[in-house]
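*Asks:* Before anything else, here's the structure in question.
The values are calculated or read from the model by the stated rules, or taken from the named source; none is laboratory data. The model shown is predicted, which means the values in this text are computed figures rather than measured ones. A quick note on method: Cβ atoms are made from the backbone with ideal geometry, for glycine too, and the neighbour counts reach across all protein chains shown.
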Amino acid sequence: MTEQPKRQQNYYVTTFYQFFDWPNDLLISEHAKNLENWCKDNQIKGLIIVSQEGFNGTLASLNKLTSLKEHLTSISKSPINFKDSYTTELHPFRRMKVKLRSEIVTLGDTKISPKTKTPNGVKHISPKEWHERLQDETNTQILDVRNDFEFQMGSFKGSKNLRMNKFTEFPELIKKQEEKKELKKNEPVYMFCTGGIRCEKASLEMIEQGFNEVYQLDGGILNYIKEYPNEEFRGECFVFDHRVSLDQDLKPSSLYALCVHCGQPTEKTPFTCLQCRADSYGVCVTCIKNDSSNQTCSKNCHHHYSKGNKTKKVHKDSIIKRNAQPVLTRDNP
Ligand SMILES: [Zn+2]
Ligand SMILES: [Zn+2]
């Protein structure tokens, strides 16, 4: 049987968040369930984090997302900044899920809430204004609010890496930076993250700690790259789905993959699968170091290799289905 060539599919992807008060006619869990059902009914897949403070998510569909955007805006009753991209490869998500959390982005302090009025000293700036400010060499405090591994994949020229493992470390790391005079409270700070949500809380935290002039890039790196590809941002931008990261055209990465065994992002380093002998990539160094049987192209090949089974042809689609899920839960942007 010959395999039919797959028709190229175009997936529309959008990333968004909003801080708002949910209508109190329903429990928050009921709102979440309704939202999940609405997305499923409209053939949309992805992940939305819901809490008392609002929602935060990335969704994808073969159809344009116009009615989704209208639906979300009608729930939040306020304009939402949607960051769009698209992909022609695999669907970036396998299912539709709405998760309930205590915060839509976890700083670990529910008192810090962007729902209340933005304090003096915090300002959102557009990609255009951000771009102009970065041309001014006296602006030196450019702060990457993301995790260390995200910084390593790409960041703004001259930006500071806090070497953060998770966002809850942010308040403590800022305190240390200030004590070491690596960050100065009386000079402007320019902060950015993937889609803008982490900055919403990070900026409030910095004002709490006594910084008096904080600028945040509106809509984050995704918004900047759309208008200024190949300019001040270097490398790729990590995203929390199967695309792994986006290049300067907002297209899925050709440099990184999610490790088929542990789900962590890794550089696409070529190797030969010990089981099926296929040329492969996308297993992280740690997994191979920990167990040589991880030098296999899929969970399936790993299983057969560890059992000492004879080489067997593995259908490619089954490999894709059985590989590890990406680690999407750390900090959804
Ligand atoms: Zn791994
Ligand atoms: Zn294999």
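*Asks:* Out of LEU274, LEU328, I need the residue that is among the hydrophobic types (A, V, I, L, M, F, W, C), assigned to a loop (DSSP other than H, G, I, E, B) and at pLDDT 90 or above. Which one?
*Replies:* One residue alone meets the criteria, LEU274.
*Asks:* A further question on this structure: Select from the stretch 277-300 the residues that are in a loop (DSSP other than H, G, I, E, B) and hydrophobic (A, V, I, L, M, F, W, C) and write down the one among them that is farthest from ligand 1 (Cβ to nearest atom).
*Replies:* Going residue by residue through the stretch 277-300, those that are in a loop (DSSP other than H, G, I, E, B) are 277-278, 281-284, 291, 295-298.
Filter once more, keeping what is hydrophobic (A, V, I, L, M, F, W, C): 278, 283-284, 297.
Values: ALA278: 18, VAL283: 6, CYS284: 3, CYS297: 13 Å.
Filtering the stretch 277-300 for residues that are in a loop (DSSP other than H, G, I, E, B) and hydrophobic (A, V, I, L, M, F, W, C), the one farthest from ligand 1 (Cβ to nearest atom) comes out as ALA278.
*Asks:* Among the candidates TYR305, TYR281, which residue alone is among the aromatic types (Phe, Trp, Tyr) and modelled with pLDDT under 90?
*Replies:* None of the others qualify; the one that does is TYR281.
*Asks:* If you go through the stretch 272-284, how many residues are at negative phi and either near ligand 2 (Cβ under 10 Å from one of its atoms) or free of Cβ contacts under 8 Å to residues at least 12 places away in the same chain (or both)?
*Replies:* Of the residues in that region, 8 qualify.
*Asks:* Considering each of VAL98, VAL145 in turn, give the residue that is surrounded by 20 or more Cβ atoms within 10 Å (Cβ to Cβ), within 22 Å of the chain's Cα centre (by Cα) and not assigned by TED's automatic domain parsing to the domain that holds ASP218.
*Replies:* The match here is VAL98.
*Asks:* Of all residues in the stretch 141-161, how many are outside any helix (DSSP H, G or I), aliphatic (A, V, I, L, M) and farther than 14 Å from CYS199 by Cα?
*Replies:* Qualifying residue count for the region: 0.
*Asks:* What is the one condition in (1) within 16 Å of ligand 2 (Cβ to nearest atom); (2) among the aliphatic types (A, V, I, L, M); (3) in a loop (DSSP other than H, G, I, E, B); (4) touching a strand residue (DSSP E or B) at 6+ places or on another chain (Cβ under 9 Å) that ALA257 does not satisfy?
*Replies:* Among (1) within 16 Å of ligand 2 (Cβ to nearest atom); (2) among the aliphatic types (A, V, I, L, M); (3) in a loop (DSSP other than H, G, I, E, B); (4) touching a strand residue (DSSP E or B) at 6+ places or on another chain (Cβ under 9 Å), the lone unmet condition for ALA257 is (3).
*Asks:* Are any residues in the stretch 110-139 over 26 Å from PHE55 (Cβ atoms) and surrounded by 14 or more Cβ atoms within 10 Å (Cβ to Cβ), and if so, which ones?
*Replies:* GLY121, GLU129, HIS131, ARG133, LEU134, ASN139 - these are the residues of the stretch 110-139 that are over 26 Å from PHE55 (Cβ atoms) and surrounded by 14 or more Cβ atoms within 10 Å (Cβ to Cβ).
*Asks:* Does GLU129 fit the bill of being within 30 Å of GLU178 (Cβ to Cβ), over 21 Å from the mean Cα position of the chain (by Cα) and outside any loop (DSSP other than H, G, I, E, B)?
*Replies:* In short, yes.
*Asks:* Kindly evaluate THR87 against the criterion of being out of contact with any Asp or Glu (no Cβ under 8 Å at 6 or more places or on another chain) and buried (at least 17 other Cβ atoms within 10 Å of the Cβ).
*Replies:* For THR87, the condition - out of contact with any Asp or Glu (no Cβ under 8 Å at 6 or more places or on another chain) and buried (at least 17 other Cβ atoms within 10 Å of the Cβ) - is met.
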